[in-house]
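Below is one structure, written out as structure tokens; the observations come after it.
The values are calculated or read from the model by the stated rules, or taken from the named source; none is laboratory data. These numbers were taken from a predicted model, which means no experiment stands behind them. When we count neighbours, we look across all protein chains shown, and the Cβ atoms used for this are built from the backbone with ideal geometry, even at glycine. Ligands, DNA and RNA are excluded from the accessible area calculation, which covers all protein heavy atoms including side chains. Shrake-Rupley method; radii C 1.70, N 1.55, O 1.52, S 1.80 Å.
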Amino acid sequence: MEVVYKIYCASYDHALLLVESYRKDPRLQEEILDTLKATVPHTGASDLSFFLVMPVQRVTKYPLLLGKILENTPTSASAYPALQAAVRAMAQVNANINEYKRRREVATKYNKAEHLTLRDRFARLNTHSIAKKTTRLSRLFMQEAGIVAKTEDREYDDLEEKFQYVVSSVAVLKENVASYLGHLEAFLFHTPHKCELQIDEGPSLQYRCFAEHLHCTVFPEFKQRLDRLVCQPLCSLSDMLVGPQQLVKKRLDKLLDYEEIQERKSEMGSVTYDEEAAMNTYLAINALLVAELPRFNQTALQLLGQILCSLSALQRDLASQVLQQAEKELAQMPHGRMPLPSFWKMVEDTLQQSDAQLRTFRQTFETVMPSPVTEPLNPAEERKVLSLVSKHGADKLYQVTRNISGSKDLDLTLQRGQIVALLQSADTKGNTSRWLVDAGGPRGFVPAEKLQPYCLVQSQQPGMQVPALESCRERRRHSYVSPEAPRLQVATFTPTFQVVAGFSFSARSPHEVSLQAGQPVVVLEPHDKKGSKEWSLVEVNGQRGYVPSSYLLTVPVQEPAGWSLPV
């Protein structure tokens with residue numbers, strides 16, 4: 001009787017909430033009223049709450065009824081001792097029901113997982129909460145350091161350890177199943193059976209039918225069953241663990257409060273009303289966990305075992321279906337009944353024959369294909385390449401493979417075929433798909449996938465000193481002129497340099513000056529008045545002011561003197 005009534009009474013408030021939700025649906029409410037009038041018309045009940053409250057009232061009346069009977073029973077009667085025991089038993093039942101209901105209310109308060117933002121967490125902070133958390137943290141440190149004793153509860157510790165094992169097992173299995181589903185998705189993404197091989201008979205056609213059956217029937221059906229029998233129950237089990245996890249965490253907090261209050265009570269002899277309530281809260285949470293964790297652990301392990309059995313059964317069914325279909329297709333092949341040694345000999349001979357055919361095709365292909373044509377560079381691009389080589393080295397040169405349109409700040413707009421020098425293989429946020437390059441003047445970021453290494457071809461003229469990389473045979477090769485034209489000859493020169501604005505800058509105060517990208521400037525002082533080199537004093541178009549030093553670039557002056565144009 002106690003087990004049935006305490007569960008019912010503890011769930012009574014939740015049942016009333018459900019009844020309240022039914023009233024918001026007129027059609028459902030009308031159906032409930034019609035049912036009540038048809039089944040129990042003599043009660044005159046207009047709602048389900050009339051019947052829901054009756055068991056709650058009934059269990060509290062038992063001690064009163066038995067006590068009344070006991071008052072009217074002579075003490076000499078043989079039933080008197082039994083009535084006394086019944087009164088005590090029912091009084092204890094009501095006390096246990098009330099205590100269980102109180103524990104459930106405490107658990108309901110603390111076992112909800114709250115997803116609070118950082119703003120909400122700061123809004124909850126106050127002097128009381130900060131002091132309480134500080135006291136808990138200091139006591140926890142003192143316990144770990146061995147300064148104060150830690151309350152030991154071997155029964156609860158064993159239960160919590162088993163519960164944490166269950167939580168860990170469910171989390172690992174959930175992660176593995178998610179990874180398994182991801183691999184299955186990747187496997188089903190490729191559809192080789194849809195490729196047109198222009199072969200309408202033989203093993204290729206049979207393989208195509210086999211693969212199509214697996215991709216369109218077997219694996220989709222397996223995925224649906226896996227989701228229904230494994231993923232959904234596993235997610236439900238994982239959600240079931242959230243409430244007890246919150247309660248276990250809250251028990252530790254309340255235990256630290258309980259120990260602190262107990263220590264203060266032993267020193268002062270009394271505690272406040274709030275402290276007494278905090279102690280009762282810990283006792284309620286602890287008693288509830290000790291009472292219900294064994295059943296919860298057992299139920300969770302049973303569910304976990306059933307999920308694992310379902311996963312194993314699904315794997316066996318999948319293997320059986322694939323093997324059955326494979327044997328069916330294999331029986332139709334000419335070598336389906338061939339002995340295994342003969343089959344491997346046939347495979348080896350086929351591979352050797354295919355290898356010989358591939359070698360012959362490659363040799364023919366290399367013979368027929370024309371040699372790559374070198375691309376000429378105009379004189380301006382030639383001068384820029386030599387400037388980039390002198391500043392960064394030949395191994396830093398890259399060529400733009402496609403047109404680039406800058407869409408972000410500090411992005412460059414480049415044309416296909418331009419030569420740039422790599423400065424850094426990542427942007428300021430560490431993104432390796434955007435590279436910082438020098439385009440022979442302006443500097444900025446470009447997509448890394450639109451660049452390819454550029455290799456210089458050493459000039460045949462004895463006076464030329466153009467760097468070349470012997471190890472760049474795999475890179476795209478270019479020479480400065482076509483093979484039929486004479487090599488471009490460059491005289492030795494000493495480059496001069498000037499300072500230009502690498503990026504546009506808008507002045508934000510009277511002490512600053514605006515710049516346009518590529519605009520020449522005169523540096524008056526490479527620092528500000530405090531000696532910081534982050535700002536430089538410059539003169540632009542007769543105006544003086546400070547600009548960021550990182551916006552300035554030193555580039556060689558491109559002078560036509562000393563160059564011989566190609567013939």
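Worth a mention:
- Seen against the Cα atoms of the chain and their longest principal axis, helix 12-22 is set at about 60 degrees.
- C-alpha long axis of helix 26-39 to longest principal axis of the chain, angle in °: 30
- Solvent-accessible area per residue, Å², over the chain with all protein chains present [probe radius 1.4 Å]: 66
- Heavy-atom accessible area order for K174, K250, K529, largest first, 1.4 Å probe: K529, K174, K250
- In Å², nearest 10: area of R402 left accessible to a 1.4 Å probe: 120
- Convex hull of Cα atoms in region 497-556, direction-averaged projection (nm²): 3.7
- Spatially proximal aspartates and glutamates relative to K132 (Cα-Cα < 19 Å; intrachain offsets below 8 disregarded): D120, E144, D253, D257, E259, E260, E263, D274, E275, E276
- Shape call, region 307-461: gyration tensor on alpha carbons, a/c limit 1.5: oblate
- Linear extension gain, Q543 paired with A517, 0.36 nm per residue minus alpha-carbon span: 7.7 nm
- When M268, M90, M240 are compared by accessible area of protein heavy atoms, the largest-first order is M268, M240, M90, using a 1.4 Å probe.
- Rolled with a 1.4 Å probe across the full set of protein chains, the surface gives T299 an accessible area near 60 Å².
- Residue-averaged 222 nm ellipticity for the chain, from DSSP H runs of 4+ at -39500 (n - 2.57), nearest 500: -18500 deg cm²/dmol
- Exceeding the 32 Å Cα-Cα cut-off - candidates K408/K533; K61/K249; K384/K529: K61/K249; K384/K529
- Using alpha carbons only, the radius of gyration of region 379-453 set against its Kirkwood radius gives Rg/Rh = 0.94.
- With the simple model of a label 7 Å out from the Cα in the direction of the Cβ, A91 to Y8 spans 2.4 nm.
- Surface/4 estimate of mean projected area, convex hull on alpha-carbon atoms of region 162-312, nm²: 12.0
- Computed from Cα atoms, the angle from the helix 203-213 axis to the main principal axis of the chain rounds to 40 degrees.
- Amide H partners (placed H, <5 Å) of V547, local residues excluded: S536, V538
- Rolling a 1.4 Å probe over the protein heavy atoms leaves S342 with an accessible area of roughly 60 Å².
- Compactness of region 1-111, taken as the C-alpha radius of gyration over 2.2 N^0.38 Å, stands at 1.42.
- Rounded if a/c under 1.5, otherwise prolate or oblate - the chain, Cα gyration tensor axes: oblate
- Spin-label pair S21-T135: with each label point 7 Å from Cα along the Cα-Cβ axis, the two points sit 3.8 nm from one another.
- Counting 0.36 nm for each residue step from K345 to K391 and taking away their Cα separation leaves a gain of 10.4 nm.
- Share of carbon and sulfur in the accessible heavy-atom surface of the chain [1.4 Å probe, %]: 56
- Distance histogram for region 73-133 (every C-alpha pair counted, 5 angstrom bins, percent rounded to whole numbers): 4, 13, 10, 12, 11, 8, 8, 7, 6, 5, 5, 5, 5, 2, 0
- Among the GluC sites (Glu not before Pro) within region 57-140, those in coil by DSSP and having at most 16 neighbouring Cβ atoms inside 10 Å are E114.
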